[in-house]
1. So Ala73 clears everything in (1) in contact (Cβ under 8 Å) with a residue 12 or more places away in the chain; (2) out of contact with any Lys or Arg (no Cβ under 8 Å at 6 or more places or on another chain); (3) among the aliphatic types (A, V, I, L, M) except one condition, right? Which one?
2. Output the number of residues of region 89-112 satisfying the condition of being within 18 Å of Thr53 (Cα to Cα) and either part of a loop (DSSP other than H, G, I, E, B) or touching a helix residue (DSSP H, G or I) at 6+ places or on another chain (Cβ under 7 Å) (or both).
3. Hey, could you check region 69-112 for residues that are in contact with a Leu (Cβ under 7 Å, 6 or more places away or on another chain) and among the small types (Gly, Ala, Ser) and say which is surrounded by the fewest Cβ atoms within 10 Å (Cβ to Cβ)?
4. Let me confirm something: among His55, His66, which residue is of a type outside the set (A, V, I, L, M), in contact with a Leu (Cβ under 9 Å, 6 or more places away or on another chain) and either in the same structural domain as Ala87 (by TED's automatic domain parsing) or modelled with pLDDT of 95 or more (or both)?
5. If you go through region 4-49 one residue at a time, how many are within 28 Å of Trp85 (Cα to Cα) and among the charged types (D, E, K, R)?
6. Among the candidates Asp38, Asp26, which residue alone is surrounded by 11 or more Cβ atoms within 10 Å (Cβ to Cβ), in a loop (DSSP other than H, G, I, E, B) and acidic (Asp, Glu)?
7. What are the pairs with Cβ atoms under 7 angstrom where one residue, in region 35-49, is assigned by TED's automatic domain parsing to the domain that holds His72 and the other, located anywhere, is not in a helix (DSSP H, G or I)? Sequence gap at least six, or different chains.
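The values are calculated or read from the model by the stated rules, or taken from the named source; none is laboratory data. None of these values were measured; they are calculated from a predicted model. Cβ coordinates were reconstructed from backbone atoms using ideal geometry, including for glycine residues, and neighbour counts include every protein chain displayed.
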Amino acid sequence: MPDLRFPKATRAHAEQRRALAPQAEDAFRTFSKAVFADGALDARTKQLIAVATAHVTQCPWCIEGHVKAARHAGATDEQIMEAIWIAAEMRAGAAYAHSVKALEIISHGKAD
């Protein structure tokens, strides 16, 4: 039985997605190609950013695709892991920074 939480993407899925919304599919593919093309940042750097972002957004398909793409673009395993650690720090850092909200409520005795 397939895992419906994280099904493996297939060609049939891609074809169905395209059949249901071809203009949106084409626009997304064009956008994605433009985003990941060499520019001010090279493809390897962009893929490392994508690896980190995929871990913050917790998208298993993005993690798989962008780790593979980062390796294909020349990223080392160490660079990929370092990008993941940056993502972890940023995620933890957000919780730490948002503690100010709780501290303000605690300081002012609000019990709403």
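1. For Ala73, the failing item is (2).
2. Step one: list which residues in region 89-112 are within 18 Å of Thr53 (Cα to Cα), which gives 89-95.
Next, from what is left, pick out any that are either part of a loop (DSSP other than H, G, I, E, B) or touching a helix residue (DSSP H, G or I) at 6+ places or on another chain (Cβ under 7 Å) (or both): 90-91.
Residues that pass the stated criteria total 2.
3. Taking the candidates together, the pick is Ala75.
4. Details: His55 fails: in contact with a Leu (Cβ under 9 Å, 6 or more places away or on another chain).
Only one candidate passes the filter, namely His66.
5. Initial filter on region 4-49 (within 28 Å of Trp85 (Cα to Cα)): 5-9, 31-49.
Going one step further and asking which of them are among the charged types (D, E, K, R), we end up with 5, 8, 33, 38, 42, 44, 46.
Going through region 4-49 one residue at a time, the tally reaches 7.
6. Details: Asp26 fails: in a loop (DSSP other than H, G, I, E, B).
Residue meeting the stated conditions: Asp38.
7. Ala43/Ala73; Arg44/Ala73; Arg44/Gly74; Arg44/Ala75; Gln47/Ala73; Gln47/Ala75; Leu48/Ala75
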